[in-house]
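Participant: Sharing a structure with you now.
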Amino acid sequence: MYKYKIKNETREFEKYISIISPITNDEYAKVPSLSIKDVDEIYDYAKEQQKLWAELTISQRGAFLIAWADLLVEKKVYLANIMVNEIAKSYKDAETEIVRTSEYIKYTVEQMYRIIGQNTSSENYYGGNKGKIAITKYVPLGVVLAISPFNYPVNLAVTKIAPALIAGNSIVFKPATQGSVIGIEIIKLLEQTGIMPGVVNIVTGSGSEIGDYLSSHELVDFISFTGGSKTGENIASVSKMVPLVLELGGKDAAIILDDADLDFTIKDIVSGAFSYSGQRCTAIKRVLVSTKNKKLVEEMLIEEVKKLTVSNDMMANPNIGPLIDVKSANYVDGIIQEAIKDADLLIGNKRENNLIYPTIITNVKRDSELAIVEPFGPVLPIIEYDNINDAISINNESKYGLQASVYGNNINDLMYIAERLEVGTINFNGKTSRGPDNFPFIGFKNSGMGAQGIEHALKSMMKVQTIVINK
Ligand code: G3P
């Protein structure tokens, strides 16, 4: 039974929810299920404490964050073990996520020093006299609601919390249900730094009970959400005129041109499609290949997928582990069964509880369910294109527009395609992925709203204020 502080005192909670381990499908832990009344109390306190927090300097706020970054690394073994059990992330990937997050925090603190306002004179405008000087600076928005997903429960929580805090905001942090245990643990580490109470407030519980209330609360000044597109759309519809940054779903295509280096390309695609069992918004979720290369690509993909290790033992760092829950495994399995009715299975279509074996299906029609939806699991469709413009059209038919990868060696072809893909990031000869974390990260269409990446994240959580001096 996990407990945590509300208004700086550890509470006895009336209701708890079970966290089910994807590995055993048994209860792993219980976390508090907060009420509407708890949420009100937390928002009131976050609002009150934010004003004091914003009075501190960047260095003073940064000292707590840097101490937190060091504690995360110091406790990475303990934290990684929780992630293995709570979200079935391999131990190695869990540790990597924690170290990446620590680095993210430190870079964010440093980057904040470089977010500098400016001064402007009325002389710098048509016919302007010299009578006015504008001094512009960035100020915090206030209370930030950070909602993180199950698949990166540390990194995609902190990529919201760290920029918000260093910019002078306070945080109400709602982790995904599976991700609540690790969420509670990383907030406890932040509290160990001595940060003032009420600046970071965790809220766990049922999204159906408090989700809309959290997003529509009158005291929230900004919402940063990572998760499914449907939930993102709902947040946008219930939130009240507050700025949003939404990192949503994707259907990232790997477009293989005829002159691609297939040895490298096939390995890269398999890694991009199947890491964390495909449970990544930036996973490669479809392969577009021309008739010329298709047969060879199919054969090479089969051989590469055969090398993937599949296991429930996430301490052994398998390539493929169990999906996050039974519902997700059923969904992915259902998509596979539907797809193979009128397309051709190359490898996979095997399941053991939440474990879905890596599956590749070819001759998938561009308007079929598997070509369109985001399974969020280890299934990869191969779609044939006639020519480069056809490949561009297939990519752009998707309602998603997160990233795409284009593999080829002619820079003119690569640029021709890149300039026509309706996605936030185009990767030349590299798999789709978020990061390095100083890069912008943006979703077009149903893949998101607003921009992430450290500098964009910082500026999205501040507003510009101008003081005009009249001479
Ligand atoms: O699904 C979350 C998305 O941010 C994936 O991140 O680093 O695996 O590309 P990454």
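Throughout, read-outs are computed from the coordinates displayed, never taken from laboratory work. Remember, it's a predicted structure, so these values are computed and weren't measured experimentally. All Cβ positions, even for glycine, are placed from backbone atoms using ideal geometry, and neighbour counts span all protein chains on display.
Participant: Provide SER59, SER460 in ascending order of the number of other Cβ atoms located within 10 Å of each residue's Cβ, fewest first.
Facilitator: Fewest to most other Cβ atoms nearby, the residues stand as SER59, SER460.
Participant: Separate question: Take the eigenvalues of the Cα gyration tensor for the chain, scale each by 5, and report the square roots as semi-axes in whole Å, largest first.
Facilitator: Equivalent ellipsoid semi-axes, largest first: 39, 30, 18 Å.
Participant: Is there a pair in LYS431/LYS459; LYS89/LYS251; LYS106/LYS463; LYS76/LYS106 whose C-alpha atoms are over 18 Å apart, and which pairs would that be? Let's see the in-between values first.
Facilitator: On the way: LYS431/LYS459 28 Å; LYS89/LYS251 22 Å; LYS106/LYS463 22 Å; LYS76/LYS106 16 Å.
Going by Cα-Cα distance, LYS431/LYS459; LYS89/LYS251; LYS106/LYS463 fall outside the 18 Å limit.
Participant: Percent of alpha carbon pairs in region 168-236 separated by more than 19 Å? Could you put the intermediate results ahead of the total?
Facilitator: On the way: 862 of 2346 pairs.
Distances greater than 19 Å cover 37 percent of the Cα pairs.
Participant: Just need the relative contact order of region 1-152 here, percent rounded to a whole number, with Cα pairs under 8 Å and 6+ apart. Present the calculation step by step, with values, prior to reporting the outcome.
Facilitator: On the way: 154 pairs, mean separation 27.9, N = 152.
It comes to 18 percent, rounded to a whole number.
Participant: Return a whole-number percent for the relative contact order of region 371-452, with Cα pairs under 8 Å and 6 or more residues apart as the contact set.
Facilitator: Normalised by residue count, the contact order of region 371-452 is 29 percent.
Participant: To check my understanding: the extent here is largest minus smallest coordinate of the Cα atoms along each principal axis. What are those three numbers for region 258-381, in Å, largest first?
Facilitator: Ordered largest first, region 258-381 gives principal extents of 39, 31, 23 Å.
Participant: Expressed as a rounded percentage, what relative contact order does the chain have, with Cα pairs under 8 Å and six or more residues apart?
Facilitator: About 18 percent, as a whole number.
Participant: Taking Cα atoms, how many degrees apart are the long axis of helix 326-339 and the longest axis of the chain, rounded to 10 and kept between 0 and 90?
Facilitator: Its long axis makes an angle of about 40 degrees.
Participant: If neighbour count is taken as other Cβ atoms inside 10 Å, put LEU165, LEU458 in order from fewest to most. Please list the in-between numbers first.
Facilitator: Details: LEU165 30, LEU458 20.
Least crowded to most crowded, the residues run LEU458, LEU165.
Participant: Please report how far the C-alpha centroid of region 423-470 lies from that of region 115-184, rounded to the nearest whole angstrom.
Facilitator: Using only Cα atoms to place each centre, the spacing works out to 12 Å.
Participant: Given +1 on the Cβ of Lys and Arg, -1 on the Cβ of Asp and Glu, and no further charges, what dipole in debye does region 22-104 carry about its Cα centre, rounded to the nearest 20?
Facilitator: 180
Participant: Still on this structure, I have one more. Are there trypsin sites (Lys or Arg not before Pro) in region 343-388 that DSSP puts in a loop and that have at most 13 other Cβ atoms within 10 Å, and which ones?
Facilitator: Qualifying residues, ordered by number: LYS350.
Participant: If you don't mind, another one. Measure up LYS285/LYS365; LYS307/LYS365; LYS327/LYS399; LYS267/LYS350; LYS137/LYS240; LYS3/LYS230 against 20 Å on the Cα-Cα distance and list the ones that go over.
Facilitator: As for pairs spanning more than 20 Å Cα to Cα, those are LYS307/LYS365; LYS327/LYS399; LYS267/LYS350; LYS137/LYS240; LYS3/LYS230.
Participant: In region 164-255, what trypsin sites (Lys or Arg not before Pro) fall in a loop by DSSP, with at most 15 other Cβ atoms inside 10 Å?
Facilitator: LYS240
Participant: Same structure, new question: Can you compute the helix-only [θ] at 222 nm over the chain? Use -39500 (n - 2.57) per DSSP H run of at least 4 residues, normalise by all residues, nearest 500 deg cm²/dmol.
Facilitator: Result for the chain: -12000 deg cm²/dmol, rounded to the nearest 500.
Participant: Still on this structure, I have one more. Arrange MET241, MET449 by Cβ neighbour counts within 10 Å, fewest through most, would you? If you can, show how the numbers build up before the last one.
Facilitator: Working: MET241 4, MET449 20.
Starting with the residue having the fewest Cβ neighbours, the order is MET241, MET449.
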